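Below is one structure, written out as structure tokens; comments come after it.
The values are calculated or read from the model by the stated rules, or taken from the named source; none is laboratory data. Being a predicted model, the structure only gives us computed values, none of them experimental. In this analysis, Cβ positions are derived from the backbone assuming ideal geometry, glycine residues included, and neighbour counts consider all displayed protein chains. Surface accessibility is based on the protein's heavy atoms, side chains included, excluding ligands, DNA and RNA. Shrake-Rupley method; radii C 1.70, N 1.55, O 1.52, S 1.80 Å.
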Amino acid sequence: MTDVTGAPADVLHTLFQSELGGHEQVVLCQDRASGLKAVIAIHSTALGPALGGTRFYPYANEAEAVADALNLARGMSYKNAMAGLDHGGGKAVIIGDPERDKTEELLLAYGRFVASLGGRYVTACDVGTYVADMDVVARECRWTTGRSPENGGAGDSSVLTAYGVYQGMRAAAQHLWGDPSLRARRIGIAGVGKVGHHLVEHLVQEGAEVFVTDVREDAVRRITERHRDVRAVAGTDELIRVEGLDIYAPCALGGALNDDTVPVLTAQVVCGAANNQLAHPGVEKDLADRGILYAPDYVVNAGGVIQVADELHGFDFERCKAKAAKIFDTTLAIFARAKDDGIPPAAAADRIAEQRMQDAAAARRKS
């Protein structure tokens, strides 16, 4: 089911193209009073209600927003499947500048749209939205996670997202170098915002040599003032060329691995928190052909969704952390499957996730 009343032609084209991804439902939301324009995409509910965050971003146009929602929702299906959660994949995007356009009225209107789906989609934080925002959304929608502890939630999910990426790095080190330790490894992090700055803490504590960059100078300054040994570089183009880099961690927006960046990467491993790091199909093979080990993004960055999913059942941080720690074992299993099947790790992860979704759908049809 897709609600497309009044949609522009370019949006309709994007939606029809989405059939290739098999999305179950796409809802275009508009509330003129608050200025809300949003897209809610549900890719799959085979494993349970779709779960995924709300991104608030100044998209150039509606078609770009729809395309991002579709890609992100599909990624959440795979992420939730690989994390062992009883949730399908969904995502929402709000069109606008969160610094300028975000208001209480707009968030309440958005909450009403999510509530209208009757629990098919459970929302949470993402780029441009925060715990305080989810507290507002929850006033209109009980299918809201990522709320503050004062409002019955789990709080900031970026803590366990970073912890999961850290476990993915350790798994890559174990697979490639025979030792999970990251001590003295040269690691470059592109994006030290909500997740990236927590990741820096893990790496510094273990004794890694850390390089950082971010489009926001204040984010970099916060890191370098706290950790004098962390080195700032001018931008991502410089970071991916750092001599002797062991691990590159894209932790900002998607598409970081593309036809321009992959040929010049100096790192032996890519393992980061950003969603949809592969700019297009085929990039995973380009990485493998260069001998670069890629830890699939939706596997290693699943710590946050593990946390918000637990919130629905009465949040327990230590229980969530223990589950996020298993990202180490899951990532190792993917590397082993990739080696056995002679395919890139991204393809191996897809096969495992797709099998779980297919098995769940088949079991549902039989019941």
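Listed values, structure above:
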{"quantity": "Distance between modelled label sites at R351 and V264, nm, 7 Å Cα→Cβ extension", "calculated": "3.4"}
{"quantity": "Solvent exposure of region 194-242 as accessible area per residue, Å², 1.4 Å probe", "calculated": "57"}
{"quantity": "Residues whose placed amide H lies under 5 Å from that of V122, excluding near-sequence neighbours", "calculated": "A50, L51, G52"}
{"quantity": "Listed residues Y57, L28, A234: farthest to the positive end of the dipole of the chain (Cβ charges)", "calculated": "L28"}
{"quantity": "³J(HN,Hα), Karplus 6.51/-1.76/1.60, whole Hz, each residue of region 23-35, x for Gly, Pro", "calculated": "5, 7, 7, 9, 10, 9, 10, 9, 10, 5, 4, 9, x"}
{"quantity": "Cleavage-rule hits, GluC sites (Glu not before Pro), region 208-247, DSSP coil, Cβ neighbours within 10 Å at most 10", "calculated": "E243"}
{"quantity": "Net lengthening on full extension, R112/D289 (0.36 nm per residue, minus Cα-Cα)", "calculated": "58.9 nm"}
{"quantity": "Antiparallel DSSP beta bridges within the chain, percent to nearest 5", "calculated": "30"}
{"quantity": "Candidates per trypsin sites (Lys or Arg not before Pro) in region 259-360, loop by DSSP, up to 16 other Cβ within 10 Å", "calculated": "R290, K326"}
{"quantity": "Accessible-area composition of the chain, carbon plus sulfur, in percent [1.4 Å probe]", "calculated": "48"}
{"quantity": "Net charge over other residues, Cβ less than 15 angstrom from the Cβ of D179 (K, R count +1; D, E count -1)", "calculated": "+1"}
{"quantity": "Å² of accessible area per residue within region 74-189, as computed with a 1.4 Å probe and no ligands counted", "calculated": "36"}
{"quantity": "Å² of accessible area per residue within region 249-367, as computed with a 1.4 Å probe and no ligands counted", "calculated": "45"}
{"quantity": "Prolate/oblate/rounded call for region 191-242, Cα gyration tensor, a/c under 1.5 rounded", "calculated": "oblate"}
{"quantity": "Across K91/K285; K79/K321; K79/K323; K79/K326; K285/K339; K194/K326, pairs whose alpha-carbon gap is larger than 19 Å", "calculated": "K91/K285; K194/K326"}
{"quantity": "Among A184, L117, S148 the positive-end extreme of the charge dipole of region 62-208 (Cβ point charges)", "calculated": "A184"}
{"quantity": "Neighbour-limited loop hits for trypsin sites (Lys or Arg not before Pro), region 20-119 (at most 14 other Cβ within 10 Å; DSSP other than H, G, I, E, B)", "calculated": "R32"}
{"quantity": "Residue-averaged 222 nm ellipticity for the chain, from DSSP H runs of 4+ at -39500 (n - 2.57), nearest 500", "calculated": "-13500 deg cm²/dmol"}
{"quantity": "Full-extension gain in nm, D341 to R32, via 0.36 nm per residue minus C-alpha separation", "calculated": "106.0 nm"}
{"quantity": "Sequence-distant residues sharing a close amide H with V270 (under 5 Å, placed H)", "calculated": "Y248, L293, Y294, A295"}
{"quantity": "Extension gain (nm, one decimal) between R142 and A333, 0.36 nm per residue minus Cα-Cα", "calculated": "65.2 nm"}
{"quantity": "Residues with amide H under 5 Å from that of H43, placed H, sequence gap 5 or more", "calculated": "E24, G89, G90, K91"}
{"quantity": "Positive-end residue of V300, A322, G272, charge dipole of region 239-339 with Cβ unit charges", "calculated": "A322"}
{"quantity": "Per-residue HN-Hα couplings for region 154-161 [Karplus 6.51, -1.76, 1.60; θ = phi - 60°; Hz; x = Gly/Pro]", "calculated": "9, x, 5, 7, 5, 4, 7, 4"}
{"quantity": "Test item: Cα-centred dipole of the chain, Lys/Arg +1 and Asp/Glu -1 on Cβ, debye", "calculated": "820"}
